[in-house]
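Engineer: One structure follows; several queries about it will come next.
The values are calculated or read from the model by the stated rules, or taken from the named source; none is laboratory data. What you see is a predicted model, and the numbers here were worked out from it, not measured in a lab. Note that each Cβ is placed from the backbone with ideal geometry, even for glycine, and that neighbours are counted across all protein chains shown.
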Amino acid sequence: MDEQFRNLLRGTLYAGKALPPPADCDATLRWLAKPVSARQVLNDGRTLDNVVPCGDGPTELCECDGRPAIVREYPAAPPNDRGGWSGLALKLNGLDYRAFNRISIWVRAECPGLRYFYIHVTPRNGGANANEGSEGFHTTTIRPGEWTRIVYEIPFFNRDAMAGLEVYCVQFGAPEGIADENIRFYLGETAMEAVEADYCRGWNTGSRIAYCHGGYVTQGSKYAVTQVQAPIFRIEDAATGAAVYEAPAREVADSIGTFTVMDFTSLKKEGLFRLRIGGAATEPFRIDAHPFDSVFAKVLNYFAQERCGTAVDGVHEICHLNVLSRHPDGRRLSIAGGWHDAGDLSQSASNSAEITLSLLDSAAAVRGRDPELADRLLAEARWGLQWLLRTAFGDGYRPCWSQLSVWTRNIEGAPDDVFRDARRRAFTNLMAAAAEAQGASAFRTIDPYFADWCLRSAIRDFNFGLDPRENEIGCWSEYFGAVLLAAAALADASGDGGYLLRAEPYARRLLACQQTTPVGEALRIGGYFNKDEKSGRPTSFGDEHEEILGLGLIRFAQRTKNEALRSDCAAAVRRYCDYLRAIAKVNAPYAVLPSYIYDIREFRDHRPANMTDAQLDAEDARWRAQLKNGIRMDDRHYLRRMPAPRPGMGYFMPPLARAKIAAEAARWLGADDLRELAVRQLEWILGLNPFSASGVYGEGHDCHPLYVGFSGQFNGGVPCGIKSFGDDDEPYWPTATYCIYKEVCVHPAAVLLWIMGDLE
């Protein structure tokens, strides 16, 4: 960590206060500077002729700070706990706008008492080419009281018969006494523009260089990818421009294209460098023994900014005191505390437990090198532990998931009280038990009272976790992994090996979930885990905690006294690692792991309850089409390079989950190649991808603004991630900001932090 960043950390109490993002990291600056070759105004702010108001409140013409605008006034208070909407729609009369590929709008909000203002923009195309799903949707968060220009590109949005453009504003409330009753929203000039669109779909780099913006490990492998053709590349000192390394570039042709690979593994010099090939060059990057220190600190900063139930400087005031979890017997408790789960204001107990685990493990990992940072990690972990402890009803019920999209008054008994039913969910209780037990070990000498509270709660929650209710478990292998993880943590915290003995049957059941016989014909792969012992359905996207499966197996095996079972577990871990090694080559020259092996029968077998036969047939046909765009293994199984798009979410969690398992296995098995595999997954997220875009906001260069909903851009925010387009099986990263790929999420952030701790 360079001294300048170290001083910044100290000044923010080690990311306890907001770390400011670098001024030049946001890709919006580049987008706004693009030359515009053609332009057509849809509304100049001087007419209501093509304006259709939606929702409550008057709509008028006005002038604001010298700019003509359509102004709309509407109540700030939301009608329900999912928020409300008020908006304006521009009628476009089915005209052809294919000559343009970007939307530009000027917006402003006046809402005293609110720090941020959330806007949703949606173009509509009519006729036979109406767009499906999320394509074209864009959301942004602006600061009130100033005009902001929003631009986003829509090269793959059908626009041959555009029906309209909708601009909706969210009614998201505020604590009592903070905000005015009404919001005034101004829509200025709205236009379609033609620009040279960003590359956002596919594996090609063109003239860009795909490299890790977060830097490279001194003693690790180092490479970058481009399609610039040149015989030699060079590494330069970023300050002086002097060459420090030159080597031949290597041309590689694979199933996804032809690329130039630049390998500079043998460069061991530490410092700040730039890579240059032909006429292309990177921004500066670091080679260091610990290059991800700044990423680590920024992700920690993100968690501090996501705190709920307390004031967060520059983000929000004390919040959600009147959001209540309701027990079936009528008892209630406030869910305020912990962390907001994503760009909305939801909360997840299992994700909160996983964050806490990652913070505790990371604190232990960095303690020897950076005690101040370790203390700060422990403090953030304690914040999560306190929420887990406080929100348990004592009989297995707790607020497992609270979906929420509003700020509330903080006054119980007010019209905006929010009630969420408590649930008794075995997986959630096991995750809580693992975090609490780990907390008991971490705080044993620091605060024995708190450690004892953690341990007693862990024992209680573990017992509740061993009692799943009928049809509760969606992925049994992940559940078994959670049992093993909690048992291992409890054995450490209590010194009682009985927890490991109780976990032995679950370890055997988890082993029975492994696919030991390879599937496929030309490509034969085994070693992955299925959802259960009998169905043969592989875990896939939507099974959200694959990392827990692997961690539980490893940590149990490291502690059990049953030598035969330990040997079987170790063999299973090795088989799984061989599976990772086998699939790691599929996306070459990128080292990102492909998504999953899918079972073509899966969608029909998990029919949603409210789906008609006709809807089922249509969705099943699309599911099969999506899988068949992947790599055929046999009639039943397909390997997708990117996740099947049907679940809808972006693709950072699958490689992160496997990277976490690989990093943990690397330490246990002494396998350096697994450590390297884990690092490769971080590098994909940090810029070694076709778009050369960093997926951690504030780290590196050309960060896309993220879907933050109710707050400003978070330094260290990690989104859902790159996804695919339509039924394609290739990466997609548009300039539009939407939740399915760009919503900040605590789950990938936690696992990213966890992996970086492992690299210590």
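Engineer: Six or more apart or on different chains, Cβ atoms under 6 Å: show the pairs whose first residue is in the range 148-168 and without any contact (Cβ under 8 Å) to a residue 40 or more places away in the chain and whose second is in a loop (DSSP other than H, G, I, E, B).
Structural biologist: Listed by first residue and then by second, the contacts come to PHE157/ASN131; PHE157/GLU135; PHE157/GLY136; ASN158/ASN131.
Engineer: Determine whether LEU688 is modelled with pLDDT of 95 or more, among the aliphatic types (A, V, I, L, M) and out of contact with any Lys or Arg (no Cβ under 6 Å at 6 or more places or on another chain).
Structural biologist: Values: modelled with pLDDT of 95 or more: yes; among the aliphatic types (A, V, I, L, M): yes; out of contact with any Lys or Arg (no Cβ under 6 Å at 6 or more places or on another chain): yes.
When the stated conditions are applied, LEU688 passes them.
Engineer: Where the second residue is β-branched (Val, Ile, Thr) and surrounded by fewer than 19 Cβ atoms within 10 Å (Cβ to Cβ) and the first is touching a residue at least 60 places away in the same chain (Cβ under 8 Å) and lies in the range 409-422, which pairs have Cβ atoms under 8 Å and are six or more apart or on separate chains?
Structural biologist: Hits for this filter: ASN410/ILE318.
Engineer: Just to be sure, is PRO144 buried (at least 17 other Cβ atoms within 10 Å of the Cβ) and in a loop (DSSP other than H, G, I, E, B)?
Structural biologist: On the way: buried (at least 17 other Cβ atoms within 10 Å of the Cβ): yes; in a loop (DSSP other than H, G, I, E, B): yes.
Judged against the criteria, PRO144 is a match.
Engineer: Can you find, within the range 486-522, the residue that is modelled with the lowest pLDDT among those that are out of contact with any Lys or Arg (no Cβ under 7 Å at 6 or more places or on another chain) and of a type in the set (Ser, Thr, Tyr)? First the steps, then the outcome.
Structural biologist: Filtering the range 486-522 down to residues out of contact with any Lys or Arg (no Cβ under 7 Å at 6 or more places or on another chain) leaves 486, 489-490, 492-496, 498-499, 501-513, 515, 517, 519-522.
With of a type in the set (Ser, Thr, Tyr) added as a condition, the list becomes 494, 499, 506, 517.
Values: SER494: 98, TYR499: 98, TYR506: 98, THR517: 95.
Top of the filtered list is THR517.
Engineer: Are any residues in the range 434-462 of a type in the set (A, V, I, L, M) and surrounded by fewer than 23 Cβ atoms within 10 Å (Cβ to Cβ), and if so, which ones? Working first, answer last.
Structural biologist: Restricting attention to the range 434-462, the residues satisfying the condition of being of a type in the set (A, V, I, L, M) are 434-435, 437, 440, 442, 446, 451, 455, 458-459.
Selection gives ILE446, ALA451, LEU455, ILE459.
Engineer: Let me ask you something else. Does the range 416-433 hold any residues that are part of a helix (DSSP H, G or I) and crowded, with 23+ Cβ neighbours inside 10 Å, and which are they? Even if it seems obvious, please write down each step before you answer.
Structural biologist: Step one: of the range 416-433, the residues part of a helix (DSSP H, G or I) are 426-433.
Answer for the range 416-433, where residues must be part of a helix (DSSP H, G or I) and crowded, with 23+ Cβ neighbours inside 10 Å: PHE427, THR428, ASN429, LEU430, MET431, ALA432, ALA433.
Engineer: Quickly run through the range 552-566 and pick out the residues that are over 19 Å from GLY526 (Cα atoms) and assigned to a helix (DSSP H, G or I). Lay out the reasoning, then the answer.
Structural biologist: Filtering the range 552-566 down to residues over 19 Å from GLY526 (Cα atoms) leaves 552, 555-566.
If the condition is that a residue be over 19 Å from GLY526 (Cα atoms) and assigned to a helix (DSSP H, G or I), then GLY552, ARG555, PHE556, ALA557, GLN558, ARG559, GLU563, ALA564, LEU565, ARG566 are the ones that fit.
Engineer: Shifting gears a bit: Hey, which of the strands (runs of 3 or more DSSP E) in the range 22-73, taking only ones fully inside, have at least 1 residues that are among the small types (Gly, Ala, Ser) and touching a residue at least 40 places away in the same chain (Cβ under 8 Å)? I'd like the intermediate steps shown before the answer.
Structural biologist: Details: elements: 38-43, 51-54, 59-64.
Passing ranges, in order: 38-43.
Engineer: Within the range 147-172, which residues are outside any strand (DSSP E or B), buried (at least 19 other Cβ atoms within 10 Å of the Cβ) and not aromatic (Phe, Trp, Tyr)?
Structural biologist: At the first step, the residues of the range 147-172 found to be outside any strand (DSSP E or B) are 147, 154-161, 172.
Right, trim to buried (at least 19 other Cβ atoms within 10 Å of the Cβ) and you get 154, 157-159, 161, 172.
Listed by number, the residues that qualify are ILE154, ASN158, ARG159, ALA161.
Engineer: If we keep just the residues of the range 255-304 that are hydrophobic (A, V, I, L, M, F, W, C) and part of a loop (DSSP other than H, G, I, E, B), which is surrounded by the most Cβ atoms within 10 Å (Cβ to Cβ)? I'd like the intermediate steps shown before the answer.
Structural biologist: To start, the set of residues in the range 255-304 that are hydrophobic (A, V, I, L, M, F, W, C) comprises 256, 259, 261-262, 264, 267, 272-273, 275, 277, 280-281, 285, 287, 289, 292, 295-297, 299-300, 303-304.
Add one more test, that the residue is part of a loop (DSSP other than H, G, I, E, B), and what stays is 256, 264, 267, 289, 292.
Working: ILE256: 19, PHE264: 21, LEU267: 16, ALA289: 11, PHE292: 28.
Selected residue: PHE292.
A quick yes/no check of all residues on (1) at pLDDT 90 or above; (2) over 29 Å from the mean Cα position of the chain (by Cα); (3) among the aliphatic types (A, V, I, L, M):
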residue	(1), (2), (3)
LEU48	yes, yes, yes
VAL71	yes, yes, yes
TRP85	no, no, no
GLY94	yes, yes, no
PHE100	yes, yes, no
ILE103	yes, no, yes
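Engineer: Continuing with the same structure: Of all the residues that make up the range 633-647, how many are farther than 15 Å from ILE583 by Cβ and not hydrophobic (A, V, I, L, M, F, W, C)? Don't jump to the end; show me each part of the working.
Structural biologist: Going residue by residue through the range 633-647, those that are farther than 15 Å from ILE583 by Cβ are 634-636, 644-647.
Now drop any that are not not hydrophobic (A, V, I, L, M, F, W, C), which leaves 634-636, 645-647.
Counting residues in the range 633-647 that are farther than 15 Å from ILE583 by Cβ and not hydrophobic (A, V, I, L, M, F, W, C) gives 6.
Engineer: Does LEU580 fit the bill of being assigned to a helix (DSSP H, G or I), within 24 Å of the chain's Cα centre (by Cα) and either surrounded by 18 or more Cβ atoms within 10 Å (Cβ to Cβ) or on the phi > 0 side of the Ramachandran plot (or both)? Give the steps one after another, and end with the answer.
Structural biologist: Details: assigned to a helix (DSSP H, G or I): yes; within 24 Å of the chain's Cα centre (by Cα): yes; either surrounded by 18 or more Cβ atoms within 10 Å (Cβ to Cβ) or on the phi > 0 side of the Ramachandran plot (or both): yes.
Yes, satisfied.
Engineer: Then there is this: So, TYR590, is that one hydroxyl-bearing (Ser, Thr, Tyr) and farther than 18 Å from GLN681 by Cα or not?
Structural biologist: Values: hydroxyl-bearing (Ser, Thr, Tyr): yes; farther than 18 Å from GLN681 by Cα: no.
No.
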